[in-house]
Amino acid sequence: MQLQENVSLAALTTFKIGGPARFFVEARSLADVQQTVAFAQSRNLQLFVLGGGSNLLVSDSGWPGLVLKLGISGIERTPVEHEGKILFEVGAGESWDRFVSHAVVAHCAGVECLSGIPGSVGGTPVQNVGAYGQEVSETIASVVVFDRKDGQVRELCAEACGFGYRSSIFNTTERERFIILRVNFALQPGGEPRLEYADLKRHFEGHEVRPNLAETREAVRYIRGGKGMLIMEGDPDSCSAGSFFKNPVLTEAEHRDLEGRAAAKALSVPSYPALTQHRKVSAAWLVEKSGFSRGYSAGHVGISTRHTLAIVNRGGATAAEVLELKDQIQQRVEEIWGVRLEPEPVFVGMEAG
Ligand SMILES: Cc1cc2nc3c(=O)[nH]c(=O)nc-3n(C[C@H](O)[C@H](O)[C@H](O)COP(=O)(O)OP(=O)(O)OC[C@H]3O[C@@H](n4cnc5c(N)ncnc54)[C@H](O)[C@@H]3O)c2cc1C
């Protein structure tokens with residue numbers, strides 16, 4: 001285990017914001033994780049587990065304890081079959097998009113629509129990442145974790161992870177308990193790509209031959225690139241944590257109230273069914289119809305010029321500025337539409353909601 005001190009966290013996040021970590025370790029093995037946790041306990045240091053830093057807003061004062069970055073790598077295709085599917089064991093520190101590319105090259109379906117999402121493999125179960133009609137929970141067979149409660153390594157099956165919309169036990173009931181070491185995926189060999197999402201269908205309109213996995217991956221990356229949702233050197237719109245707000249899931253009564261408010265303005269709310277007797281509403285629509293459109297600027301922060309839900313660092317932004325804009329958006333949306341938007345990124349070293 002290699003212990004470093006006062007390591008800048010800004011450079012380790014896609015937002016490029018945040019102060020230093022008092023202590024920092026990159027763990028490349030289970031032994032590193034065990035030693036690091038023991039060190040933090042012996043010094044009574046608060047531990048924060050870092051993946052690819054793509055879903056974080058780190059406080060300007062940084063993290064007073066120890067940051068453990070998962071650096072466990074490796075993608076292994078196992079000879080084991082799981083209900084006719086091929087199992088891949090992937091280290092938590094692997095790049096997620098590298099794994100997707102690997103799966104597509106191996107002609108295995110199940111994660112192609114999740115192409116271009118930044119961050120690590122270990123970060124994906126935490127909020128059950130999803131995009132373009134797929135969620136990672138659909139292909140996760142199990143998650144191997146280090147349990148901070150008793151120091152044991154456990155393998156949690158998908159059901160035990162309690163996956164929901166942008167949620168799992170890792171960011172709700174068992175938050176901070178487990179360090180994800182490895183994720184096991186069951187992918188369909190020779191499977192067809194999932195082409196259900198409107199943007200994807202539109203992209204392939206007029207094509208006579210059904211696109212394959214590789215073409216679908218490229219299409220997803222192309223569409224994401226057009227929205228500033230692909231991390232690209234020199235693209236100011238990708239200096240963000242992705243979507244800053246979750247799509248609110250409303251009860252039928254809350255949805256009727258929202259529809260009433262929209263009808264009074266001669267508008268109709270984009271929404272679709274979710275859970276039983278609930279509706280998921282477009283957070284982007286709510287933000288835009290509250291006066292925050294693409295390209296909106298406030299000091300060093302603003303809204304992406306190509307995606308209403310992405311708060312971006314326009315250069316030299318502080319976490320305090322991001323929080324101020326977040327609060328303004330939440331307040332305005334609540335005043336006008338009666339809906340409280342919930343942030344998607346994790347706040348590190350500060351209380352916010
Ligand atoms: C441009 C852009 C586009 C994005 N698009 C999408 C999208 O389409 N869909 C989507 O769902 N998300 C999207 N995101 C958000 C983000 O990429 C995902 O949530 C990603 O899975 C986060 O992984 P990470 O490794 O970067 O985690 P981090 O940001 O490092 O951490 C996020 C949380 O996970 C925890 N964590 C990370 N690794 C581990 C581990 N090994 N063990 C335990 N806990 C861990 C951290 O403690 C923290 O609580 C986007 C972000 C950006 C910047």
Looking at segment 48-78, which of its residues are closer than 29 Å to ALA310 by Cα and charged (D, E, K, R)? ASP60, LYS69
Does any residue of segment 207-224 turn out to be within 11 Å of the ligand (Cβ to nearest atom), out of contact with any helix residue (DSSP H, G or I) (no Cβ under 9 Å at 6 or more places or on another chain), within 17 Å of ILE117 (Cα to Cα) and in contact (Cβ under 8 Å) with a residue 24 or more places away in the chain? yes
Considering residues of segment 156-180 that are crowded, with 16+ Cβ neighbours inside 10 Å and either basic (Lys, Arg) or free of Cβ contacts under 8 Å to residues at least 24 places away in the same chain (or both) only, the residue nearest to PRO248 (Cα to Cα): ARG166
Of the numbered conditions (1) on the phi > 0 side of the Ramachandran plot; (2) away from the ligand (no atom under 13 Å from the Cβ), LEU45 satisfies every one except a single condition; which is it? (1)
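Which count do you get for residues in segment 64-98 that are among the basic types (Lys, Arg) and within 12 Å of the ligand (Cβ to nearest atom)?
Here is the first cut: in segment 64-98, the residues among the basic types (Lys, Arg) are 69, 77, 85, 98.
Next cut, within 12 Å of the ligand (Cβ to nearest atom) only: 69.
Total satisfying the criteria: 1.
Looking only at residues in segment 145-166 that are within 11 Å of the ligand (Cβ to nearest atom) and under 16 Å from the mean Cα position of the chain (by Cα), which one is modelled with the highest pLDDT? Can you show your working first?
Quick first cut of segment 145-166, residues within 11 Å of the ligand (Cβ to nearest atom) only: 145-146, 148, 165-166.
Still in the running and under 16 Å from the mean Cα position of the chain (by Cα): 165-166.
Numbers: TYR165: 90, ARG166: 93.
Selected residue: ARG166.
I want to confirm something. Restricting to segment 1-53 and keeping residues that are in a loop (DSSP other than H, G, I, E, B) and of a type in the set (S, T, N, Q), which single residue is surrounded by the fewest Cβ atoms within 10 Å (Cβ to Cβ)?
Taking segment 1-53 as the starting set, the residues that turn out to be in a loop (DSSP other than H, G, I, E, B) are 1-2, 9, 13-19, 28-29, 43-46, 51-53.
Cutting the leftovers down to of a type in the set (S, T, N, Q) gives us 2, 13-14, 29, 44, 46.
On the way: GLN2: 10, THR13: 23, THR14: 20, SER29: 13, ASN44: 7, GLN46: 13.
By that ranking, first place goes to ASN44.
Just to be sure, is ALA92 open to solvent by less than 10 Å² (accessible area, probe 1.4 Å) and out of contact with any helix residue (DSSP H, G or I) (no Cβ under 9 Å at 6 or more places or on another chain)?
Against the criterion (open to solvent by less than 10 Å² (accessible area, probe 1.4 Å) and out of contact with any helix residue (DSSP H, G or I) (no Cβ under 9 Å at 6 or more places or on another chain)), ALA92 qualifies.
To keep it simple, each residue is scored yes or no on (1) among the hydrophobic types (A, V, I, L, M, F, W, C); (2) under 17 Å from GLU344 (Cα atoms).
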{"position": "ILE231", "(1), (2)": "yes, no"}
{"position": "PRO236", "(1), (2)": "no, no"}
{"position": "CYS239", "(1), (2)": "yes, yes"}
{"position": "LEU250", "(1), (2)": "yes, yes"}
{"position": "ARG256", "(1), (2)": "no, no"}
{"position": "ALA262", "(1), (2)": "yes, no"}
{"position": "TYR272", "(1), (2)": "no, no"}
{"position": "ARG294", "(1), (2)": "no, no"}
Residues ALA317, ALA274, ALA283: which one is more than 30 Å from LEU50 (Cβ to Cβ) and within 16 Å of the ligand (Cβ to nearest atom)? ALA274
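Go through the residues of segment 168-178 one by one and say whether even a single one is closer than 21 Å to ALA109 by Cα and among the hydroxyl-bearing types (Ser, Thr, Tyr). Talk me through it step by step, then tell me what you get.
Of segment 168-178, the ones closer than 21 Å to ALA109 by Cα are none.
For segment 168-178, residues closer than 21 Å to ALA109 by Cα and among the hydroxyl-bearing types (Ser, Thr, Tyr): absent.
For VAL183, state whether it is within 16 Å of the ligand (Cβ to nearest atom) and either open to solvent by 10 Å² or more (accessible area, probe 1.4 Å) or closer than 30 Å to GLU76 by Cα (or both).
Working: within 16 Å of the ligand (Cβ to nearest atom): yes; either open to solvent by 10 Å² or more (accessible area, probe 1.4 Å) or closer than 30 Å to GLU76 by Cα (or both): yes.
So VAL183 fits the description; yes.
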Evaluate the following for PHE170: is it modelled with pLDDT of 95 or more, in contact with a strand residue (DSSP E or B) (Cβ under 8 Å, 6 or more places away or on another chain) and assigned to a helix (DSSP H, G or I)? yes
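Out of the residues in segment 225-240 that are surrounded by fewer than 20 Cβ atoms within 10 Å (Cβ to Cβ) and within 11 Å of the ligand (Cβ to nearest atom), which is farthest from the chain's Cα centre (by Cα)?
Initial filter on segment 225-240 (surrounded by fewer than 20 Cβ atoms within 10 Å (Cβ to Cβ)): 225-227, 232-236.
Filter again for within 11 Å of the ligand (Cβ to nearest atom), leaving 225, 227, 232, 235.
Working: GLY225: 17, LYS227: 16, MET232: 17, ASP235: 19 Å.
Once the filter is applied, the top-ranked residue is ASP235.
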When restricted to SER115, SER120, the only residue open to solvent by less than 10 Å² (accessible area, probe 1.4 Å) and within 16 Å of the ligand (Cβ to nearest atom) is SER115
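With at pLDDT 95 or above, within 15 Å of the ligand (Cβ to nearest atom), within 17 Å of TRP96 (Cβ to Cβ) and in contact with an Asp or Glu (Cβ under 9 Å, 6 or more places away or on another chain) as the only criterion, which of SER142, SER243 stands out? I'd like the intermediate steps shown before the answer.
Working: SER142 fails: within 17 Å of TRP96 (Cβ to Cβ).
The conditions single out SER243.
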Within segment 243-350, strands (runs of 3 or more DSSP E) holding 2 or more residues that are crowded, with 20+ Cβ neighbours inside 10 Å and in contact with a helix residue (DSSP H, G or I) (Cβ under 7 Å, 6 or more places away or on another chain): 278-281, 311-313
Spot the failing condition for ALA11; the list is (1) touching a residue at least 12 places away in the same chain (Cβ under 8 Å); (2) within 16 Å of the ligand (Cβ to nearest atom), and only one is missed. (1)
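The values are calculated or read from the model by the stated rules, or taken from the named source; none is laboratory data. As the structure is a prediction and not an experimental result, all values here were calculated from the model. No Cβ is skipped: glycine too gets one built from the backbone with ideal geometry, and neighbour counts run over all protein chains shown. In case anyone asks, the SASA skips ligands and DNA or RNA and just uses the protein heavy atoms, side chains included. Shrake-Rupley method; radii C 1.70, N 1.55, O 1.52, S 1.80 Å.
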